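Coordinate-derived values only; no laboratory data. Just so you know, these numbers come straight off a predicted model, no measurement behind them.
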Amino acid sequence: MEFSSKLLEKAVHEMSQLPGIGKRTALRLVLHLLKQPKEQTQFLSQALTQMREEIKYCNSCHNISDVALCEICANPNRDHGIICVVEDIRDVMAIENTRQFKGIYHVLGGKISPMDGVGPGQLHISTLVEKAKTGNIRELIFALSSTMEGDTTNFFIYKQVKDFQLVTTTIARGIAVGDELEYADEVTLGRSILQRIPLEISFKNN
């Protein structure tokens, strides 16, 4: 792709680094920004810079937040005795959109994947185990993707908490095996949360 401007080429290159954005799409987006009032581009730039510099992670659940304790963890109306274990922020958003879950979350930051060099120590597993040790948690709901890596992560955590006085469940397999949670429709995901099953049963069925 030939460019008449080095500035344009640089902008297209940086835009194309975003997931799912190829060079042609990046060029279309950059040219669109050039046609807009300069203030709109400045607002976008400022919003991205502010987000990158000021965004925080919840001290309790590791969810993305503007403050030290996210709105969900700080909400006294949520059931703090039930924790839904998810991979990342997108899964929190997907489950929240169903309006079926009234507990709180714990964001692992990924899943165990030796092929990708991701081990238990790189995830927020130890803080989850510490929560389980307190005795204040009645139930852990495992809502990881129905993949080999997701099931491996479920089993690893289960072994860490199985001797504590709590119930471990997993979302019902209305979510197809191999599917990512964020792509499930809200009705299916909501039913999976409500019809969750004991985690041990899910291991026997695999």
**Q.** Under 5 Å, built H, 5+ apart or other chain: amide partners of V167
**A.** E139, L140
(Q) Set the bar at 19 Å for Cα to Cα. Now go through K10/K56; K102/K133; K131/K159; K111/K133; K133/K159; K133/K162 and name every pair that lies beyond it. (A) K10/K56; K102/K133; K111/K133
Q: Can you bin region 1-157 into rounded, prolate or oblate? Criterion: square roots of the alpha carbon gyration tensor eigenvalues sorted a ≥ b ≥ c, rounded for a/c under 1.5, prolate for a/b above b/c, oblate for the rest.
A: prolate
Q.
Explain nothing, just compute: Karplus ³J(HN,Hα) = 6.51 cos²θ - 1.76 cosθ + 1.60, θ = phi - 60°, for every residue of region 152-166 in order, whole Hz, x for Gly and Pro.
A. 4, 5, 4, 5, 4, 5, 4, 5, 6, 10, 4, 8, 8, 7, 8
Q) How long is the gain from R138 to L31 if the chain were fully straight, where each residue apart is worth 0.36 nm and the alpha carbon distance is subtracted? A) 33.2 nm
